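First the structure, in the form of structure tokens, and then the observations on it.
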Amino acid sequence: MKTHNLALIPGDGIGVDVTDAAMAVVQAAARVHGFAIRSQSFPWSCNHYLQTGAMMPADGIETLRGFDAIFLGAVGWPDTVPDSVSLHGLLLPIRKAFNQYANIRPHRLLPGVEGPLKATAFDILCIRENTEGEYSGAGGRVHQGRENEVAVETSVFTRAGVERILRFAFDQAMTRRRHVTSVTKSNAQKFTMVFWDEMTRRVAADYPDVIVSHMHIDAMAARMVMAPASLDVIVASNLFGDILTDLGAAIQGGLGFAASANICPDGSGPSMFEPVHGSAPDIAGRNIANPVAAIWSAAMMLDHLGEQAAAQSVMAAVEATTARGIGAIPGRQSTDEITAAILAALEE
Ligand code: IPM
Ligand code: MN
């Protein structure tokens with residue numbers, strides 16, 4: 001029997017609750033579709049930091065390298081560890097180390113979910129550059145704490161990095177409605193963003209069947225609210241993609257529905273799958289987190305592992321469940337109840 005080896009990093013807060021839920025669904029999908037999932041869980045988290053002084057051990061990246069995929073719940077517990085420390089100690093280094101340069105985030109309304117736009121149908125795929133740009137980590141502070149203090153943080157856009165994410169987005173568009181909207185701010189940022197626009201035009205020349213639009217990030221924020229149905233694939237830099245995907249989460253009903261995949265397209269390392277919502281300390285451990293985002297992310301993982309039929313069954317089970325109003329409206333059912341309903345739909 002085919003076996004997939006998963007590294008689980010439940011992490012902090014509701015990351016733990018939703019990882020359990022997602023893994024129950026993955027195991028059930030494996031039983032139904034005749035493959036095996038072997039998983040190893042790592043306790044890397046803010047608690048781990050408090051106990052050991054590090055978010056993950058020094059050989060953490062090497063440990064993860066041997067797995068077929070990574071599932072991550074959430075990272076962050078700002079009351080005890082500053083976010084700038086916890087995220088730079090776990091999530092962000094994993095994205096960079098394994099060259100997970102494509103962050104894929106689908107935004108659409110699941111059946112039964114109304115969303116704040118009152119049931120306007122839309123189906124957006126956001127492709128976010130995930131390893132450089134505004135998140136390159138190049139910068140520093142001088143004269144810290146003094147009157148003459150200076151802080152700089154430089155965006156780094158490489159030709160290779162921009163070209164590959166654009167190609168990835170165009171390839172995705174070819175499997176969908178063949179429309180790419182490239183989001184920049186080239187009216188204000190005349191080096192990096194003008195460069196990105198130029199690269200978009202260059203790459204677009206290789207995809208004559210794809211319709212390309214260019215938009216500025218501010219106008220795109222408005223368009224995602226006013227006319228989301230007009231969008232197919234969006235491609236954006238690391239920070240812009242980060243911001244637009246929280247907006248995408250909002251219009252799809254909330255962060256409890258927003259899934260994501262950090263993909264290493266060349267397969268040189270494992271890809272990582274995680275819900276967008278974060279650790280949500282205020283609702284952690286209360287059995288009220290919506291597991292749908294995590295379960296959707298797990299379906300993306302199954303698809304990536306070559307288990308397309310299992311991925312489709314999981315999404316069908318999620319949709320059958322939300323269509324019945326379970327997991328569709330925040331606070332109505334517990335994490336366990338939603339998970340149980342999805343499991344029942346999967347095994348039907
Ligand atoms: C996300 C998160 C992270 C990001 C944070 C936690 C560093 O907001 O995955 O969207 O900005 O990438
Ligand atoms: Mn974010």
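The values are calculated or read from the model by the stated rules, or taken from the named source; none is laboratory data. Predicted model, so just to flag it, every value in this text is computed and none were measured. Quick reminder, even Gly has a Cβ in these numbers, built from the backbone with ideal geometry, and neighbours come from all protein chains shown. All accessible areas refer to the heavy atoms of the entire protein, side chains included, with ligands and DNA or RNA removed. Shrake-Rupley method; radii C 1.70, N 1.55, O 1.52, S 1.80 Å.
Output the residue which, of all residues in the range 245-258 that are within 12 Å of the chain's Cα centre (by Cα) and touching a residue at least 60 places away in the same chain (Cβ under 8 Å), is farthest from ligand 2 (Cβ to nearest atom).
Looking at the filtered set, the residue picked out is PHE257.
Table: residues versus (1) closer than 30 Å to ARG332 by Cβ; (2) among the hydroxyl-bearing types (Ser, Thr, Tyr).
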{"residue": "VAL113", "(1), (2)": "yes, no"}
{"residue": "LYS118", "(1), (2)": "yes, no"}
{"residue": "ILE124", "(1), (2)": "yes, no"}
{"residue": "ASN148", "(1), (2)": "no, no"}
{"residue": "PHE157", "(1), (2)": "no, no"}
{"residue": "VAL183", "(1), (2)": "no, no"}
{"residue": "TYR207", "(1), (2)": "no, yes"}
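Is at least one residue of the range 115-122 among the small types (Gly, Ala, Ser) and within 12 Å of ligand 1 (Cβ to nearest atom)?
No, the range 115-122 has no match at all.
Kindly provide the set of residues from the range 1-15 that are buried (at least 20 other Cβ atoms within 10 Å of the Cβ) and not in a strand (DSSP E or B), ordered by number.
ASP12, GLY13, ILE14, GLY15
Restricting to the range 95-110, and then to whatever is away from ligand 1 (no atom under 11 Å from the Cβ) and part of a helix (DSSP H, G or I), can you tell me which residue is most open to solvent (accessible area, probe 1.4 Å)?
LYS96
May I ask you to verify whether GLU114 is out of contact with any Leu (no Cβ under 8 Å at 6 or more places or on another chain), of a type in the set (Asp, Glu) and at pLDDT 95 or above?
Against the criterion (out of contact with any Leu (no Cβ under 8 Å at 6 or more places or on another chain), of a type in the set (Asp, Glu) and at pLDDT 95 or above), GLU114 does not qualify.
When only residues in the range 75-106 that are touching a Cys at 6+ places or on another chain (Cβ under 8 Å) and among the hydroxyl-bearing types (Ser, Thr, Tyr) count, which is nearest to GLU163 (Cα to Cα)?
TYR101
Kindly evaluate PHE240 against the criterion of being more than 12 Å from ligand 2 (Cβ to nearest atom) and crowded, with 24+ Cβ neighbours inside 10 Å.
Criteria not met by PHE240.
Return yes when SER279 is within 16 Å of ligand 2 (Cβ to nearest atom), polar (S, T, N, Q), more than 20 Å from SER39 (Cβ to Cβ) and open to solvent by less than 30 Å² (accessible area, probe 1.4 Å) and no when it is not.
Answer is yes for this residue.
Of everything in the range 16-38, what is touching a helix residue (DSSP H, G or I) at 6+ places or on another chain (Cβ under 7 Å) and assigned to a strand (DSSP E or B)? Give them in sequence order.
Within the range 16-38, ALA36, ILE37 meet the criteria.
Residues of the range 39-55 being within 24 Å of THR80 (Cβ to Cβ) and touching a helix residue (DSSP H, G or I) at 6+ places or on another chain (Cβ under 7 Å), which ones?
Selection gives TRP44, CYS46, TYR49, ALA54, MET55.
For the range 152-233, which fully contained helices (runs of 4 or more DSSP H) count at least 3 residues that are open to solvent by less than 10 Å² (accessible area, probe 1.4 Å)?
The qualifying helices (runs of 4 or more DSSP H) are 159-174, 192-204.
Of the residues THR131, THR120, only one is polar (S, T, N, Q), in a loop (DSSP other than H, G, I, E, B) and modelled with pLDDT of 95 or more; which?
Testing whether each residue is polar (S, T, N, Q), in a loop (DSSP other than H, G, I, E, B) and modelled with pLDDT of 95 or more leaves just THR131.
Taking the range 58-91, which residues are surrounded by fewer than 19 Cβ atoms within 10 Å (Cβ to Cβ) and either without any contact (Cβ under 8 Å) to a residue 12 or more places away in the chain or within 16 Å of ligand 2 (Cβ to nearest atom) (or both)?
Hits for the range 58-91 are ALA58, ASP59, GLU62, PRO78, PRO82, ASP83, SER84, LEU87, HIS88.
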